[in-house]
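The values are calculated or read from the model by the stated rules, or taken from the named source; none is laboratory data. Nothing here was measured: the structure is a model prediction, and the numbers come from that model. For neighbour counting, all protein chains shown are included, and Cβ atoms are generated from backbone atoms with ideal geometry for every residue, glycine included. These area figures cover heavy atoms from the full protein model, side chains too; ligands, DNA and RNA do not enter into them. Shrake-Rupley method; radii C 1.70, N 1.55, O 1.52, S 1.80 Å.
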Amino acid sequence: LDLDAQWFWISAVDRRTQPGWIWSVDRQSLRTVAERNITDGVRYHPGGFQVAGETLWIPVAEYRANSTTRILELDKMTLAQRRSFLVDDHIGALATDGHSVLLGANWDARRFYRWTLGGQQLAVVANRHSLAVQDMKWSGGTVFAGGTGVGRSKGQCQLHQLDPSTFELVRASGFRTGT
């Protein structure tokens, strides 16, 4: 999910029939303005995505670890594809500064990636934090990454604030789930 003052963007996947979808929805009327099946062959799992400016960046991966992903740049309103590139890993979450850089986290966020908007890989960094990232948003010079804890933090929902240039932890919050 991402949003601005007027629109929601929502993604979903049906593991049984295997299509992946993205919709743009008017926040006031809840009317669907555009929808797109983003399935790409064996890649049908939409990951965490971000809208920046007039663009929506979304990863579409095979539904398994150590697989492949197509990173799509879509027009945020029509959902028409502008460009894409292939990654040899399952990218489960994506964030962008909207100007020149994309950041990604693979399955369980074992690794963080940095690419140009054109798809040139700039860096791969091992994740040293106890967070399996499900979604990321780049805001105000910081990346906010949400997911579930791993290791000693297992069973916690967590929000980490990361430095986008180093992926170093700036701040962390944990939230216990259950009753």
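Descriptive notes on the structure:
- Residue within region 135-149 that is open to solvent by 30 Å² or more (accessible area, probe 1.4 Å), among the charged types (D, E, K, R), within 19 Å of Gly92 (Cα to Cα) and part of a strand (DSSP E or B) present: yes
- From Leu56, Leu30, Leu3, residue being modelled with pLDDT of 95 or more, crowded, with 18+ Cβ neighbours inside 10 Å and not hydroxyl-bearing (Ser, Thr, Tyr): Leu56
- Residue that is nearest to Ala65 (Cα to Cα), among those in region 107-129 that are hydrophobic (A, V, I, L, M, F, W, C) and open to solvent by less than 60 Å² (accessible area, probe 1.4 Å): Ala109
- Members of region 68-102 that are touching a helix residue (DSSP H, G or I) at 6+ places or on another chain (Cβ under 7 Å) and either charged (D, E, K, R) or in a loop (DSSP other than H, G, I, E, B) (or both): His90
- Screening the candidates Ala65, Ala132 for the property of being modelled with pLDDT under 95 and either open to solvent by 20 Å² or more (accessible area, probe 1.4 Å) or outside any loop (DSSP other than H, G, I, E, B) (or both) yields one hit, Ala132.
- Residue that is open to solvent by 30 Å² or more (accessible area, probe 1.4 Å) and touching a residue at least 24 places away in the same chain (Cβ under 8 Å), where the choices are Arg70, Arg16: Arg70
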